[in-house]
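K.L.:
Provided herewith is a single structure, encoded as structure tokens, for subsequent inquiry.
The values are calculated or read from the model by the stated rules, or taken from the named source; none is laboratory data. Computed from a predicted structure; not experimentally measured. Glycine also receives a Cβ, built like all others from the backbone with ideal geometry; neighbour counts cover every protein chain displayed.
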């Protein structure tokens, strides 16, 4: 008899019962079910923090650029670095995916805004974007600083409005041609004629 053999240690002639195995599986399943949502929330928070930090860094760089140059750089297209911005953002890779997936895009006088930083084709869900927007803006994906500016672009708007050289901007009056005022019979008269009589 060895030193570890004892009358208290019994060797079972059989393996574990089905009930014991089932209980173990249920316990492991419950533990896993409680860990996965925590890990999903942690992953979402990590993405949100990275995105927020990246946007803040880029926004500050463009603001400094605009102060020093009295203008913003042109839009080079998705995934491309705007001209001369590398001096202000030396470690930012415009070609890398954003924390939300998709590509970075600098917007200047396009998509209904003056200037902004956009994500083209974000890969996160609209619910994820809404939660981010609620935490960092107004909770509405159609308004505020963070919003959709097209069906496939989620943006941080630095400046509102459109300039005269925005190809998507309506004319100053907001309609195609206000020089003609419709008559009650459906014909049109010149606005100068309408004012006269």
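K.L.:
Scan region 26-41 and give yes if some residue there is surrounded by 10 or more Cβ atoms within 10 Å (Cβ to Cβ), in contact with a helix residue (DSSP H, G or I) (Cβ under 8 Å, 6 or more places away or on another chain) and assigned to a helix (DSSP H, G or I), otherwise no.
P.N.:
Checked region 26-41: no residue is surrounded by 10 or more Cβ atoms within 10 Å (Cβ to Cβ), in contact with a helix residue (DSSP H, G or I) (Cβ under 8 Å, 6 or more places away or on another chain) and assigned to a helix (DSSP H, G or I).
K.L.:
Would you confirm whether any residue within region 42-54 is out of contact with any strand residue (DSSP E or B) (no Cβ under 9 Å at 6 or more places or on another chain), in a loop (DSSP other than H, G, I, E, B), surrounded by fewer than 17 Cβ atoms within 10 Å (Cβ to Cβ) and modelled with pLDDT under 95?
P.N.:
For region 42-54, residues out of contact with any strand residue (DSSP E or B) (no Cβ under 9 Å at 6 or more places or on another chain), in a loop (DSSP other than H, G, I, E, B), surrounded by fewer than 17 Cβ atoms within 10 Å (Cβ to Cβ) and modelled with pLDDT under 95: absent.
K.L.:
Return yes when residue 30 is touching a residue at least 12 places away in the same chain (Cβ under 8 Å) and farther than 16 Å from residue 114 by Cα and no when it is not.
P.N.:
No.
K.L.:
Filter region 120-132 down to residues that are free of Cβ contacts under 8 Å to residues at least 60 places away in the same chain and within 19 Å of residue 143 (Cα to Cα) and give me whichever is surrounded by the most Cβ atoms within 10 Å (Cβ to Cβ).
P.N.:
122
K.L.:
Out of region 133-152, which residues are under 18 Å from residue 53 (Cα atoms) and in contact (Cβ under 8 Å) with a residue 40 or more places away in the chain?
P.N.:
Those that are under 18 Å from residue 53 (Cα atoms) and in contact (Cβ under 8 Å) with a residue 40 or more places away in the chain: 135, 136.
K.L.:
A further question on this structure: Any residue at all in region 55-72 that is surrounded by 13 or more Cβ atoms within 10 Å (Cβ to Cβ), at negative phi and not in a helix (DSSP H, G or I)?
P.N.:
Yes: region 55-72 contains one or more residues that are surrounded by 13 or more Cβ atoms within 10 Å (Cβ to Cβ), at negative phi and not in a helix (DSSP H, G or I).
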